[in-house]
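A.B. asks: I'd like to ask you about the structure that follows.
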Amino acid sequence: MTVNDVIKLLDATALTCTDKLDTEVLSACGSDMMSDVLAFAKTKCVLLTGLCNPQVVRTAEMMDIVCIIFVRGKKPDEAMMELSEEMEIPLLATPHRMFSACGILYEQGLRGGTEHG
Amino acid sequence: MADVLTFTYEVSDEDFTRAGEASSDVKKKLKKLGVSPDVIRRVSIALYEGEINMVIHANGGTITILISEESITMILDDKGPGIPDIEKAMTAGYSTAPDNVRNLGFGAGMGLPNMKKNTDSIDIETKIGVGTKVTMVINL
């Protein structure tokens with residue numbers, strides 16, 4: 001699966017880094033707690049979150065997150081968009097809520113990257 | 001003795017949105033030095049957690065990074081309130097972070113345990129009312 005596939009599956013809009021949507025995605029992590037993302041996110045992971053502040057982009061940078069998906073139509077501000085361009089981490093927005101967005105990706109074979117799935 | 005590269009950062013507590021800038025810069029430097037991705041990831045996680053802690057709990061402080069051929073050492077020095085019970089603070093899920101920090105996505109009580117998990121050694125010197133010095137080492 002690539003970021004482009006994720007966009008199609010989640011009816012999402014790419015808000016930044018539109019030239020970096022061919023990147024491969026191997027796992028996903030859904031959380032509003034950045035502490036949990038820092039403790040549990042795996043490699044080549046997309047991050048689904050309802051949290052919308054610059055620390056989300058910073059956390060994604062530290063964890064080499066492939067792209068950030070803001071659920072239920074949340075829109076990042078200018079500062080976050082600038083930071084994401086600088087970090088080369090695409091920001092996506094989907095109208096789906098967290099549970100549905102995760103479910104759609106899971107249904108298509110994306111997993112959490114742990115032995116429990 | 002082999003050369004040791006040293007970098008120092010002042011961490012400010014004035015603007016939480018800037019927390020992580022030091023970790024971000026260290027990550028870029030390690031990439032340029034050709035350090036392995038696994039080590040960069042561990043340094044990034046441990047340092048970022050530590051930097052966030054400094055901003056949340058200790059009104060900022062100083063980060064010193066020492067890079068030698070054998071190891072990467074991260075020293076986080078603050079003049080914050082100190083940690084009353086280190087054992088408790090090292091327990092996953094234990095947190096004293098205020099609600100405004102939780103609203104920003106932190107304060108789950110995973111910081112120190114995660115710093116320990118990602119480093120080869122962690123040493124915490126703390127004195128109530130004086131400050132805390134966290135020294136973490138990752139072997140290369």
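The values are calculated or read from the model by the stated rules, or taken from the named source; none is laboratory data. Computed from a predicted structure; not experimentally measured. Every residue, glycine among them, receives a Cβ derived from its backbone with ideal geometry; neighbour counts consider all protein chains shown. Heavy atoms of the whole protein, side chains included, go into the accessibility calculation; ligands, DNA and RNA do not. Shrake-Rupley method; radii C 1.70, N 1.55, O 1.52, S 1.80 Å.
A.B. asks: Restricting attention to the stretch A:63-79, report how many residues are more than 18 Å from residue A:40 (Cβ to Cβ) and either more than 14 Å from the chain's Cα centre (by Cα) or open to solvent by 20 Å² or more (accessible area, probe 1.4 Å) (or both).
C.D. replies: Count: 7.
A.B. asks: Turning to a different aspect of this structure: Anything in the stretch B:64-73 that is surrounded by fewer than 24 Cβ atoms within 10 Å (Cβ to Cβ) and either assigned to a helix (DSSP H, G or I) or not acidic (Asp, Glu) (or both)? List them, or say none.
C.D. replies: Result: B:64, B:65, B:66, B:67, B:68, B:71, B:73.
A.B. asks: Is the stretch B:111-124 home to any residue that is assigned to a strand (DSSP E or B) and open to solvent by 50 Å² or more (accessible area, probe 1.4 Å)?
C.D. replies: Checked against the condition, which is being assigned to a strand (DSSP E or B) and open to solvent by 50 Å² or more (accessible area, probe 1.4 Å), the stretch B:111-124 yields at least one hit.
A.B. asks: Let me confirm something: among A:13, A:2, A:43, A:59, which residue is of a type outside the set (Asp, Glu), touching a residue at least 24 places away in the same chain (Cβ under 8 Å) and away from every other protein chain (no Cβ under 13 Å)?
C.D. replies: The conditions single out A:13.
A.B. asks: What number of residues within the stretch B:101-140 are touching a Phe, Trp or Tyr at 6+ places or on another chain (Cβ under 9 Å) and over 14 Å from residue A:35 (Cα atoms)?
C.D. replies: 0
A.B. asks: Listed residues B:82, B:105; which is crowded, with 17+ Cβ neighbours inside 10 Å and touching a helix residue (DSSP H, G or I) at 6+ places or on another chain (Cβ under 9 Å)?
C.D. replies: B:105
A.B. asks: Determine, yes or no, whether residue B:21 is over 20 Å from residue A:62 (Cβ atoms) and of a type outside the set (S, T, N, Q). If you could, list the steps in order and put the result at the bottom.
C.D. replies: Details: over 20 Å from residue A:62 (Cβ atoms): no; of a type outside the set (S, T, N, Q): yes.
Answer is no for this residue.
A.B. asks: To continue, here is another question. Suppose we keep only residues that are facing another protein chain (nearest Cβ under 9 Å) and not hydrophobic (A, V, I, L, M, F, W, C) within the stretch B:29-51. Which one would you say is surrounded by the fewest Cβ atoms within 10 Å (Cβ to Cβ)? Walk me through it before giving the result.
C.D. replies: Here is the first cut: in the stretch B:29-51, the residues facing another protein chain (nearest Cβ under 9 Å) are B:37, B:40-41, B:44-45, B:47-49.
Within this subset, residues satisfying the condition of being not hydrophobic (A, V, I, L, M, F, W, C) are B:37, B:41, B:44, B:48-49.
Details: B:37: 11, B:41: 17, B:44: 22, B:48: 28, B:49: 29.
This residue is B:37.
A.B. asks: Right, another one. Among the candidates A:30, A:50, which residue alone is within 12 Å of chain B (Cβ to nearest Cβ) and modelled with pLDDT of 95 or more?
C.D. replies: A:50
A.B. asks: Residue check, residue B:6 against (1) open to solvent by 50 Å² or more (accessible area, probe 1.4 Å); (2) part of a helix (DSSP H, G or I), all met but one. Which one?
C.D. replies: Of (1) open to solvent by 50 Å² or more (accessible area, probe 1.4 Å); (2) part of a helix (DSSP H, G or I), only one is false for residue B:6: (2).
A.B. asks: What are the residue pairs meeting all of these: first residue in the stretch B:92-111, first residue over 19 Å from residue A:50 (Cβ atoms), second residue charged (D, E, K, R), Cβ atoms under 6 Å, and 6 or more apart or on different chains?
C.D. replies: That search, which allows pairs on different chains as well, returns B:94/B:88; B:111/B:49.
A.B. asks: Moving on to the next point. Looking at A:26, A:47, A:105, can you tell me which residue is more than 16 Å from residue B:105 (Cβ to Cβ), open to solvent by less than 10 Å² (accessible area, probe 1.4 Å) and within 13 Å of the chain's Cα centre (by Cα)?
C.D. replies: Checking each option against the conditions leaves just A:105.
A.B. asks: Would you mind telling me which numbered condition in (1) in contact (Cβ under 8 Å) with a residue 60 or more places away in the chain; (2) more than 10 Å from chain B (Cβ to nearest Cβ) residue A:68 fails?
C.D. replies: Residue A:68 satisfies all of (1) in contact (Cβ under 8 Å) with a residue 60 or more places away in the chain; (2) more than 10 Å from chain B (Cβ to nearest Cβ) except (1).
A.B. asks: Taking residue A:33 and the conditions (1) open to solvent by less than 20 Å² (accessible area, probe 1.4 Å); (2) closer than 18 Å to residue B:52 by Cβ, which numbered condition does it fall short on, given that it satisfies the others?
C.D. replies: The number of the failed condition is (1).
A.B. asks: Next question. Please enumerate the residues belonging to the stretch B:1-25 that are of a type in the set (A, V, I, L, M, F, W, C), in contact (Cβ under 8 Å) with a residue 24 or more places away in the chain and more than 10 Å from chain A (Cβ to nearest Cβ).
C.D. replies: B:2, B:4, B:5, B:7, B:11, B:22
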